[in-house]
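Asks: Before I ask anything, let me first share the structure, which is written out below as structure tokens.
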Protein chains: 2
Amino acid sequence: MRKPRRKAEETREDILLKAEELFRADGFSKVSIADIAAALGMSPANVFKHYHSKTALAVAITERHISRMSARLESLDDTVQVSERLLKVAQRLMESHLDDLRCSPYIFEMVLMTADTDFPSGRLYKQLLEEKFEAIIRAGIEAGIYHCPDPARTAKAVSAALASVLHPVFLVRSRPGELPERCEVVVELINAALQNPLDK
Amino acid sequence: MRKPRRKAEETREDILLKAEELFRADGFSKVSIADIAAALGMSPANVFKHYHSKTALAVAITERHISRMSARLESLDDTVQVSERLLKVAQRLMESHLDDLRCSPYIFEMVLMTADTDFPSGRLYKQLLEEKFEAIIRAGIEAGIYHCPDPARTAKAVSAALASVLHPVFLVRSRPGELPERCEVVVELINAALQNPLDK
């Protein structure tokens, strides 16, 4: 009896899970598509059919990672006062990156190795940050604590201003001990800007 | 007749100039201490006596580079109004980095290759930025346009907030077209913070 043909979606999922497992164990740069295929009992050609390069695998894995990070931030909206939200979101994201740096360094390896190639996941992360910050700014305006004529433009500025605590290339080069204070003083500066009643 | 013994200072200067010349021509990673010694007609041991490693050479070259960059900023203080000074300084520094990226990429190569080793030039650059921003904040307070209870602390925040347009690791990964606007929106945000009359 012929085995039923598995759906492409399931195969892609198997490949991603196995790739992550091997990257975690041996590092992103040391694992080849052939290694992933062998570990799955598949032909390399079959893996290539679903993911044309290691970069394509890295994009798929980091995009899922970003979505999970984003989902974990949602819960903060209901439990944290608007005035504290910017700080808590920045801290939570920063800690999430630092956890990865300690416990899943292959994620940083993927991001850093592929960042030169105009990595689409970088764009996705930037967009997530800007949307998140725009929502916080709008909530602050509604609550009467923020004044801001153009939340979308200001959200871009907030995201750029927090790059030194939220961007992987900086985090990897920082002394972890410096980061919490840096995060705090930058958020303080941003809050002073958003609370300026004269800002037009 | 014996040649007069050259001062160590002059030898160090010769080594630095030759090293820069070779790094510029062939790239930092491709040039060895032996190459520099050969080009100077010296023994490698003699070069090593003055600079113990290529990193030591990179530190000396980038520190001079930072000092020159800093000196070029001084002239801005007299000609630019206080309210415009932060933007002009940030733009001038950013453009100076982008010039290096185009015309002296070996400088970026040195910074990026040695940044993992807690590069002392990185600390020097950070200190230069913080001093510069603190001076601008103090001038703004004196002129009555800025309000800021702790200029030293705020200068750290300003420096961190501008990292995405002033830090080499970020510049090297950015699309140059995005940078001028990013610089402008972040400075706008910082100015709104510094101008907040309620900030205590």
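Values in this text are rule-based calculations from the coordinates and carry no lab data. Because the structure is predicted, anything quoted here is derived from the model rather than measured. Positions of Cβ are backbone-derived with ideal geometry, glycine not excepted, and every protein chain shown enters the neighbour counts.
Asks: Tell me the net charge near B:Asp35. Cut-off is 10 Å between Cβ atoms, B:Asp35 excluded, with +1 for each Lys or Arg and -1 for each Asp or Glu.
Replies: +1
Asks: May I pose another question? Given a 10 angstrom Cα cut-off, can you work out which residue in B:Glu181, B:Glu95, B:Glu109 is the most mobile in a GNM of chain B?
Replies: Judging by the Gaussian network model, the answer is B:Glu181.
Asks: Sticking with this one: In what order do B:Tyr51, A:Tyr125 fall by count of nearby beta-carbon atoms within 10 Å, going from fewest to most?
Replies: Fewest-to-most ranking of B:Tyr51, A:Tyr125: B:Tyr51, A:Tyr125.
Asks: Then there's this: Taking each label point as 7 Å beyond Cα in the direction of the beta carbon, state the distances from B:Ser29 to the same residue in the other copies, shortest first, in nm.
Replies: Inter-copy label distances (nm, one decimal, shortest first): 0.9.
Asks: Oh, and also: Work out the length of the dipole vector of the protein assembly as shown about its Cα centre, built from +1 on the beta-carbon of each Lys and Arg and -1 on the beta-carbon of each Asp and Glu, and round it to the nearest 20 debye.
Replies: Charge dipole of the protein assembly as shown: 1280 debye, to the nearest 20.
Asks: ³J(HN,Hα) across the stretch B:132-139 via Karplus (A = 6.51, B = -1.76, C = 1.60, θ = phi - 60°), whole Hz, x for Gly/Pro?
Replies: In residue order, the calculated couplings are 4, 5, 4, 4, 5, 4, 5, 5 Hz.
Asks: Is the shape of the stretch B:26-114 rounded, prolate or oblate, going by the alpha carbon gyration tensor and its root eigenvalues a ≥ b ≥ c, with a/c under 1.5 for rounded and a/b larger than b/c for prolate?
Replies: Numbers: a/c = 3.65, a/b = 2.53, b/c = 1.44.
Note, shape of the stretch B:26-114 comes out prolate.
Asks: At A:Thr55, with labels set 7 Å past Cα in the Cβ direction, how many nm apart are the copies from this one, shortest first?
Replies: The projected label point of A:Thr55 is separated from its counterparts by 3.1 nm.
Asks: Can you compute the modelled spin-label distance between B:Phe48 and B:Leu17, with each label point 7 Å from Cα toward Cβ, in nm?
Replies: Here the modelled spin labels are 2.6 nm apart.
Asks: When each copy gets a label point 7 Å from Cα toward the beta-carbon at B:Pro180, what are the spacings between them in nm, shortest first?
Replies: Ordered by distance, the counterparts are at 4.2 nm.
Asks: In Å, what Rg and Dmax follow from the Cα atoms of the stretch B:54-200?
Replies: Over the stretch B:54-200's Cα set, Rg and Dmax evaluate to 15.6, 51 Å.
Asks: Springs between alpha-carbon pairs under 10 angstrom, Gaussian network model over chain A: which of A:Leu101, A:Leu162, A:Leu17 fluctuates most?
Replies: In the Gaussian network model the winner is A:Leu17.
Asks: Still on this model: To the nearest 0.05, how large is the calculated FRET efficiency for A:Arg102 and B:Gln81 if R₀ is 41 Å and r is the Cβ-Cβ distance?
Replies: Efficiency at R0 = 41 Å is approximately 0.30.
Asks: Rounded to the nearest 0.05, what FRET efficiency is calculated for A:Ser174 and B:Ile145 with R0 set to 35 Å and r the Cβ-Cβ distance?
Replies: My answer for the efficiency is 0.60.
Asks: Follow-up. Taking 0.36 nm per intervening residue step and subtracting the Cα-Cα distance, what contour gain separates A:Ser32 from A:Arg64 on full extension?
Replies: Numbers: separation 32, 0.36 × 32 = 11.52 nm, distance 2.05 nm.
Result for the pair: 9.5 nm of gain on full extension.
Asks: Quick check: the distance between the Cα centres of the stretch B:4-58 and the stretch B:135-194, to the nearest angstrom?
Replies: 37 Å
Asks: When chain B is modelled as a GNM with alpha-carbon springs shorter than 10 Å, which of B:Thr154, B:Thr55, B:Thr79 fluctuates the most?
Replies: Looking only at B:Thr154, B:Thr55, B:Thr79, the biggest GNM fluctuation is shown by B:Thr79.
Asks: Per DSSP helix of 4 or more residues, -39500 (n - 2.57); summed, then divided by the residues of the protein assembly as shown. What does that give at 222 nm, rounded to the nearest 500? Mind dumping the intermediate values first?
Replies: On the way: 22 runs with 300 residues, N = 400.
Mean residue ellipticity, 222 nm, calculated: -24000 deg cm²/dmol.
Asks: Here's a follow-up. Please give me the summed charge of the neighbours of B:Thr79: other residues whose Cβ is under 14 Å from its Cβ, Lys and Arg +1, Asp and Glu -1.
Replies: That sum, taken over residues with Cβ under 14 Å, equals 0.
Asks: Can you tell me the convex hull volume per residue for the protein assembly as shown, based on C-alpha atoms, in Å³ to the nearest whole number?
Replies: Hull volume normalised by residue count: 182 Å³.
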